1. Expressed in nm to one decimal, what extension gain is obtained for the pair Arg116 and Glu137 from 0.36 nm per residue of sequence separation less their Cα-Cα distance?
2. Could you calculate the contour length gain from Ser146 to Asn17, that is, 0.36 nm times the residue separation minus the distance between their Cα atoms, to one decimal place in nm?
3. Taking the beta-carbon count within 10 Å as an exposure proxy, list Trp73, Trp102 from fewest neighbours to most.
4. Which of the lysines could be linked to Lys79 by a straight reach, that is with a Cα gap under 28 Å, when you skip same-chain ones fewer than 8 residues away?
5. Compute the distance from the alpha-carbon center of region 1-47 to that of region 95-150, in whole Å.
Amino acid sequence: MVFDPRSMFGADENALNTNEMLLASVARKISRALDCAVVYVGHVSKQVVRSNSYDQYAGRGGTAQADNSRFVWNLTQEKTEEKRKLDCTVPLRFREHIQHGWVFKLSIPKMSYGARPAPIYIHRNLVNSPFEFEFAEEALPTEDESREIADSEQLKVMRLVVTEVNLMADQGNQFSKSHLTTLLSNRLRVSQGVVAAALEQAVNEGFLFIVVEGRSRRCSVTDKGRSWLTS
């Protein structure tokens, strides 16, 4: 038996936990009387969506609804930034569809009497039919997949680094390599090691170019872009 949405069956939203304990009590009575499972369907809170933290308390409302449940399911839409993580567990064949909003994740953060199963990914293929779905269990990327994702991630960071350096060069700013690495790490919110590798890659590929004149170095323009200045 499914109650959807749960908020339509409560007595008072001003006393959330008391109300949710009563709903749980009613669900148990219905389950025993009809020998069936009782499911309440709700929505996640705005704060959960912003923080992207989907545990057993992700549902809108108080904590009593999860505490008094036998199990909790979360159905969430995968976000574009999840595609870029090296530990991404979305099946590789699904990842290109994340940006279209066609990939969902069904996870069970709480299971009272048994081991929690692995999340299931759902691909809604809107190209062929709005009701065509494909399912797959989560899986860590293979070695080749991890290398492909890492290369893609590094390329994106390098492009961001080149863009930022060009803007600073246009403004006449000059930094040492260590200062520039720290600055870009804070600005782009990535580790200094990733920034240093991106800078080295950009120089090796000719997107950034260092011209040495004696003991000083200055900005110079190459065929691929403006260089960065260091000392």
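1. Details: separation 21, 0.36 × 21 = 7.56 nm, distance 1.32 nm.
Answer, rounded to one decimal: 6.2 nm.
2. Values: separation 129, 0.36 × 129 = 46.44 nm, distance 4.39 nm.
Result: 42.0 nm gained on full extension.
3. Values: Trp73 15, Trp102 19.
Sorted ascending by nearby Cβ count, the order is Trp73, Trp102.
4. Lys46, Lys105, Lys110, Lys156
5. So the two Cα centres are separated by 28 Å.
Read-outs: derived from the displayed coordinates by stated rules, not from any lab. Since the structure is predicted, the reported quantities are computational estimates derived from the model, not experimental observations. All Cβ positions, glycine included, derive from the backbone under ideal geometry; neighbour counts span all protein chains shown.
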